[in-house]
1. Over the whole of A:172-185, what's the average partner chain Cβ count within 10 Å per residue? Rounded to a whole number, please.
2. In what order, largest first, do A:ARG199, A:ARG185, B:ARG122 sit by accessible area if the probe radius is 1.4 Å?
3. Which residue, A:THR253, B:VAL124, B:PHE72, has the largest displacement toward the positive end of the dipole of the protein assembly as shown when charges sit on each Cβ (Lys, Arg +1; Asp, Glu -1)?
4. Going by a ≥ b ≥ c, the root eigenvalues of the Cα gyration tensor, does chain A fall in the rounded group (a/c under 1.5), the prolate group (a/b larger than b/c) or the oblate group?
5. Given a 10 angstrom Cα cut-off, can you work out which residue in B:GLY46, B:GLY157, B:GLY264 is the most mobile in a GNM of chain B?
6. Given Cβ point charges of +1 (Lys, Arg) and -1 (Asp, Glu) and nothing else, what value in debye, to the nearest 20, does the dipole of the stretch A:145-225 about its Cα centre take?
7. Cα centroid distance between the stretch B:47-118 and the stretch A:245-265, in Å?
8. Just read off the accessible area of B:HIS203 with the full protein assembly in place, 1.4 Å probe, to the nearest 10 Å².
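The values are calculated or read from the model by the stated rules, or taken from the named source; none is laboratory data. What you see is a predicted model, and the numbers here were worked out from it, not measured in a lab. As a convention, Cβ positions derive from the backbone with ideal geometry for all residues, glycine included, and neighbour counts pool all protein chains shown. Side chains are part of the model used for accessible areas, which takes the heavy atoms of the whole protein and leaves out ligands, DNA and RNA. Shrake-Rupley method; radii C 1.70, N 1.55, O 1.52, S 1.80 Å.
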Amino acid sequence: MLKDITLGQYLPGTSPVHKLDPRVKLVLTVEFIVMLFCAKNMWAIGVGALFCIISFALSGVPASLMVKSLKPIVPLVLITSVLNLFFVRTGDVLWKWKVLQITTEGRDTALFMIARIVLLIIGSSLLTYTTSPIDLTDAIENLLSPLKKLKVPVHELAMMMTIALRFIPTLIEETDKIMNAQKARGSELDTGSFADKVRGMVPIFIPLFVSSFRRAEELATAMECRCYHGGEGRTRMKQLHTTYRDLIAAIYTTLFFGGIIALNVLIK
Amino acid sequence: MSIIKTEGLTYVYGEKTPFRKVALDNVSIEINEGEMIGLIGHTGSGKSTLIQHFNGLLKPTSGKVLVDGEDFFADKKKLREVRFKVGLVFQYPEYQLFEETVEKDIAYGPKNMGLDEDEIKRRVNEAAELVGLTKEQLLKSPFELSGGQKRRAAIAGVMAMEPKALILDEPASGLDPQGRDRIFDMLKKYHTEKRNTVIVVSHSMEDIAKFADRILVMNEGKVFCFDEPPKVFGRSREIEQIGLAVPQVTRVINKLCEMGYDLGDDVYTVGYAEKQILKKLNKVQI
């Protein structure tokens, strides 16, 4: 039941995309997002789409997942396109009814926005499909490390993220246990009305909070016992390495970026 | 009359996934009203999975579970009723406490049953007395109690529902010897006073041997044996082979048997062992 929830969306694999250095992947994803925002016409967006399709094909992530990742943004896409469709008032009028009207430019902008949002989500979900959450936190810590000079506690933030990720499955299991225990005492969780279900949450959340605090305290003690003292002078077991693959990926992404800029200039 | 009965009960975890695992394999048992049952098995033998079928927390993949002769999975409304008939105390039940006071927490189950105030009060007091909680402790927050007290308060919470069958999963795990004895004494008292069915899950034969009418031994999802203690311990060597420890005194007697002193193969309490040894010694002397 609760165990069926997938943590993040990481799909383990050995594709060239999986093997990239997570830092490089993160930077290139940002580059891709910038690239999409630089694109000024449909042709340029088309290049962005091509980039997405090639990258997805290389990663071996099934296309069905690509579609699945779009589900949550359907309402956003709808709202943006409707707004653009009706509120852009320049261009030839295609259709008119009382105050509402659709123009050619409105139609084009709406399509353009949809394409941009969809590509944005597909591109960034590729990152989470091919990078484990732990790798991702490592990459963020590493990339943000210059901020240490500004006294930003980068290591501590990354450690907090790692711990949070690590404890999600544990807490899910714990919730499952507590739910069963309260069900055994007759609380209405799987039976009864909606109001009963909400009332049934209190006996679950209180024990869950109590045990989370207990776990946190135990973990803190355990870390201190092993002399954890923050990021200062700490080495890592898993070192991040950039290889020739990362160089190829960087060149490949930048070529597409160049393509988009060229199309921006050529087609007005 | 049987209170809980299973017929060809099979349960599979993660059907149609790579993690598929048969947790229960064709389990057919019958537990009678008023019996004290010890359920024992290695970690992963399916004992926890089995008891979660008794009150409908898990639904069998195939086979039937009958409580009071009724197949409660057939009717969704019956599901809740069954949870009041079969009280289940999980492992580390103290983690389920949530109310402001111990009293309110014990009353949670009876309240869910829709009983009236007076009846709830009577049941809370009776359960508290059974587990040995004082009036002052009832008014405290459950989080102020000691580990053993919390455990007993949580058990009282299920006892107060006055289930026809009370099932406890490892009720003494993580407690010191004194706390363990206290829990088992309490269960014995509950059983003699109420004459209700009690099922205790454990992986320690030592604890179970002392009080169970019958012992159900599970191994790899199957019933290894389900019989009275002398008969179960008559197979002590097989039991050791499946990775369960038999009581210390049984091991001593087995060793003595190997050395040529025939003391019988059904010894599992110190008292009986003493009698057998004295008998043997007298014979030798005569």
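1. Numbers: counts 0, 0, 1, 0, 0, 5, 4, 2, 7, 13, 6, 8, 20, 19.
Taking all residues of A:172-185 together, the mean is 6.
2. Values: A:ARG199 155, A:ARG185 0, B:ARG122 100 Å².
Sorted by accessible area, descending: A:ARG199, B:ARG122, A:ARG185.
3. A:THR253
4. oblate
5. B:GLY264
6. Working: 11 positive and 10 negative charges, 62 e Å.
Charge dipole of the stretch A:145-225: 300 debye, to the nearest 20.
7. Taking the Cα centre of each part, the stretch B:47-118 and the stretch A:245-265 sit 62 Å apart.
8. Here the accessible area works out near 100 Å².
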